[in-house]
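Chemist: Sharing a structure with you now.
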Amino acid sequence: MCGIVGALAQRNVNEILLEGLRRLEYRGYDSAGVCLVDGDSQLQLRKSQGKVADLEARLAAAPAAGQLGIAHTRWATHGAPSDRNAHPHVSGQIALVHNGIIENHQPLRAELRDKGYQFTSDTDTEVVVHLIHSLAGDGRDLLAAVTAATDRLEGAYALGVISADEPETLVCARSGSPLVVGVGIEENFIASDPMALRQVTDRFIFLEEGDVAEISRAGITVRDKQGEEVSRPVHKLDGGHDAADKGRYRHYMQKEIFEQPAVVEATLAGRIGDKSVLSEALGARAHEILPEVQQVQIVACGTSYHAGLVARYWLEDWAGIPCSVEVASEIRYRKTAVRPGTLFVTISQSGETADTLAALRQAKELGYLASMTICNVPNSSLVRESELSLMTEAGPEIGVASTKAFTTQLVALQLFCIALAKVNGLSTEREAELVKALHQLPQLMEQFTGLDQLVQDTSEAFAEKHHALFLGRGVEYPIALEGALKLKEISYIHAEAYPAGELKHGPLALVDADMPVVVVAPNDELLEKLKSNLQEVRARGGQLFVFASPQAGFTSEPGVTVVEVPDAPESLAPILYTVPLQLLSYHVALLKGTDVDQPRNLAKSVTVE
Ligand code: F6R
């Protein structure tokens, strides 16, 4: 998704901006651009469709330098990926970068056309730069013009704005899209994600909704949406978040799959004792809120939504608490009936997903008991705006396809479900059993990542396929959904997941010798039912790929490939069986030669609706 970087320093900021863009590349984008104010107070604009490397090539051919600049990676929403639609956009002496979507761009465009402005792109963003220009005129009081312009904008935006007539000022504003100010010594920066600036600072101001900031070398002035000057705290981020290194791995996704034993351990650390989940695990206010919870509403998108689906099984089984799970883009647009005592839980890797954030904001008006987020990014919008937060300790996830974020979400959710079950009569024996299993998880995770070679061998059967079906039953059904999502995301093979019992109600019609059918088959109480469903597939010539432990009693035979996995406690099966499915999609994508870390059309952090 789009990324913003800006800098004002006493040195040439070109390389700072480019390094910032490189650090945002993982988010997915299709064009990049930079605009600097040079020593002659002229705007130097360079833009290119494609990768940051293409922009660098353009800069090598036509160098630019300056102590004030803004830069952007664009993920197309309005207008195709192209040089002319890439940001920054310019109006007279003013240049601007924008993340988000301006919903009233059409009437504004008409109004500005009437005033004589000519549009050179198809973007909603260009409207904003002309609007600011129309309010400022070339070079007159950029801050006042940006502030006045934001009053006219509907939708979501993070803006970085410079003017060649004010080479000592960088102005930025946010509403609905994240933006931080990086605080340096006699130099300051802006970015849509602190990670873009980790090479220049570890101190950040997280702008709040409606804030407009004026940045000089010496200081930062923030005004809130009422125009009042406000003091926003400066947060020092610790040093452990520089993940822009693949180490010995070929792809970030591969690295992140193999990091899972360690990050799962980090997510458990300090949160479980020998036999129980520690009460501090969910934060200081948990002991007041959890006893009041009568129902749980989970809201998330994509992979995080799948984590929520798994948690529903655990919550209803262990805590006896009813739980609904819904994708954020749906729940935010329907009338919901909220029962008293309902806890609103969001799950998100980034903490910035626009739909999830909007659903949380709406929930605050709807009489929920409280809000809680399971999130991977401290200081993200979801964390700041939720009453309780339980952090996953996955570390930065760079690969667009979520892997370690998902399994750590499941770990955090399991802690939450046990904590809630404890106040709802979970026996100490059962808690001890669940916690004992959690203690074994990092080591078991290691054994499951050790399936790599076996899964790689299996992946060859998928390389030429166009479709695949994933089956699971019970709590493994969401894992089948997640396996199918991973495969389609990075190998572009059409994959669908079904609860195995639903096969005969329709999808069985698809099954023939060309349809690989992937089965998640742990040794649980539904195993025999699952086996009957698989007979239905075999009888139609379907090719089965069964992930099962030896205890499940499957044997490989023509048409049936059994990928034997280690035996594991039932409560951990959804977490562990995810790993070989991640490896499967990774190896199939390698065989197909796709861009594993940045699959086409996708973005890492979906900050637009
Ligand atoms: C898929 C994937 C996405 C995200 C979804 C929500 O691999 O990563 O489906 O899970 O966009 O993102 P977060 O978790 O950041 O809210």
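Any read-out appearing in this document is the output of simple, stated calculations on the displayed coordinates, not a laboratory observation. Remember, it's a predicted structure, so these values are computed and weren't measured experimentally. Methodologically, a virtual Cβ is constructed for each residue, glycine included, from the backbone with ideal geometry; neighbour enumeration extends over all protein chains shown.
Chemist: Could you give the C-alpha radius of gyration of region 246-316 expressed as a fraction of 2.2 N^0.38 Å, taking N as the number of residues it contains?
Modeler: Values: Rg = 16.3 Å, N = 71, 2.2 N^0.38 = 11.1 Å.
Normalised by 2.2 N^0.38 Å, the Cα Rg of region 246-316 equals 1.46.
Chemist: Taking the Cα centre of the chain as origin, sum charge times position over the Cβ atoms of Lys and Arg (+1) and Asp and Glu (-1), and report the length of that vector in debye to the nearest 20. List each step's numbers first, then the result.
Modeler: Numbers: 54 positive and 80 negative charges, 94 e Å.
Charge dipole of the chain: 460 debye, to the nearest 20.
Chemist: Based on alpha-carbon centroids, what's the gap between region 311-347 and region 498-541 in Å, whole number please?
Modeler: 29
Chemist: On alpha carbon coordinates alone, what is the Rg over Rh value for region 278-356, Rh being the Kirkwood radius? Please list the in-between numbers first.
Modeler: Details: Rg = 13.0 Å, Rh = 13.4 Å.
Radius of gyration over Kirkwood radius for region 278-356 works out to 0.97.
Chemist: Compactness ratio of region 1-159: Cα Rg over 2.2 N^0.38 Å, N = residue count? Don't jump to the answer; show the numbers that get you there.
Modeler: Values: Rg = 14.8 Å, N = 159, 2.2 N^0.38 = 15.1 Å.
After normalising by residue count via 2.2 N^0.38 Å, the value is 0.98.
Chemist: How large is the convex hull of the Cα atoms of region 97-209 per residue, expressed in Å³ as a whole number?
Modeler: Details: hull volume 12.1 nm³, N = 113.
Each residue corresponds to 107 Å³ of Cα convex hull volume.
Chemist: Expressed in whole Å with the largest first, what are the equivalent ellipsoid semi-axes of region 485-607 derived from the C-alpha gyration tensor as the square root of 5 times each eigenvalue?
Modeler: On the way: eigenvalues 132, 68, 40 Å².
Semi-axis lengths for region 485-607 are 26, 18, 14 Å.
Chemist: Before anything else, pin down the relative contact order of region 356-507: Cα pairs under 8 Å, at least 6 apart, normalised by residue count, whole percent.
Modeler: Values: 125 pairs, mean separation 19.8, N = 152.
13 percent.
Chemist: Averaged over every viewing direction, what's the projected area of the C-alpha convex hull for the chain? Give it in nm², one decimal, please. Don't skip to the answer; put the middle values down first.
Modeler: Values: hull surface 110.3 nm².
Mean shadow area of the hull around the Cα atoms is 27.6 nm².
Chemist: Moving on. So what are the ³J(HN,Hα) numbers for region 340-350, from phi and the Karplus equation (6.51, -1.76, 1.60; θ = phi - 60°), rounded to whole Hz, Gly and Pro as x?
Modeler: x, x, 8, 8, 9, 10, 9, 10, 7, 5, 7
Chemist: Right, here's the next one. Enter the Cα centre distance for the pair region 188-263 and region 545-609, rounded to the nearest angstrom.
Modeler: Taking the Cα centre of each part, region 188-263 and region 545-609 sit 32 Å apart.
Chemist: Shifting gears a bit: Students often get this wrong, so check it: of Lys51/Lys246; Lys255/Lys364; Lys225/Lys364; Lys255/Lys592, which have C-alpha atoms separated by over 27 Å? Each step should come with its number before you reach the end.
Modeler: Values: Lys51/Lys246 18 Å; Lys255/Lys364 38 Å; Lys225/Lys364 20 Å; Lys255/Lys592 19 Å.
The answer is Lys255/Lys364.
Chemist: Can you give me the orientation-averaged projected area of the convex hull built on the Cα atoms of region 1-43, in nm²?
Modeler: 3.2
Chemist: Output the 0 to 90 degree angle, nearest 10, between the alpha-carbon long axis of helix 573-592 and the longest principal axis computed from the alpha carbons of the chain.
Modeler: 60
Chemist: What three numbers, in Å, describe the spread of the alpha carbons of region 477-551 along their principal axes, ordered from the longest?
Modeler: That gives 33, 23, 21 Å along the principal axes, largest extent first.
Chemist: How big is the Kirkwood radius of region 433-561, worked out from every pair of different alpha carbons and given in Å to one decimal?
Modeler: Numbers: mean 1/r = 0.0652 Å⁻¹.
It is 15.3 Å.
Chemist: May I ask you to work out the translational diffusion coefficient for region 359-464 at 10 °C, viscosity 1.306 mPa s, via Stokes-Einstein with Rh from the Kirkwood sum over Cα pairs, reported in whole µm²/s?
Modeler: Details: Rh = 16.8 Å.
In µm²/s, the coefficient is 94.
Chemist: Return a whole-number percent for the relative contact order of region 250-362, with Cα pairs under 8 Å and 6 or more residues apart as the contact set. Walk me through the numbers before you get to the answer.
Modeler: On the way: 118 pairs, mean separation 29.6, N = 113.
Dividing the mean separation by the residue count of region 250-362 yields 26 percent.
Chemist: So, R0 is 51 Å and r is the distance between the beta-carbons of Arg430 and Asn104; what FRET efficiency does that work out to, to 0.05?
Modeler: Working: r = 55 Å, r/R0 = 1.08.
After rounding to 0.05, the efficiency reads 0.40.
Chemist: Now, a different point. For the pair Asn379 and Tyr333, how long in nm is the line joining their label points, each one 7 Å along Cα→Cβ?
Modeler: That separation, rounded to one decimal, is 3.4 nm.
Chemist: In whole percent, what relative contact order does region 304-438 give with Cα contacts below 8 Å and a gap of six or more residues? Let's see the in-between values first.
Modeler: Values: 189 pairs, mean separation 36.0, N = 135.
Relative CO of region 304-438 lands at 27 percent.
Chemist: Which ³J(HN,Hα) values, rounded to whole Hz and listed in residue order, are derived for region 373-378 from phi using the Karplus coefficients 6.51, -1.76 and 1.60 in 6.51 cos²θ - 1.76 cosθ + 1.60 with θ = phi - 60°, glycine and proline given as x?
Modeler: Whole-Hz 3J(HN,Hα) from phi for region 373-378: 10, 9, 8, 9, 10, x.
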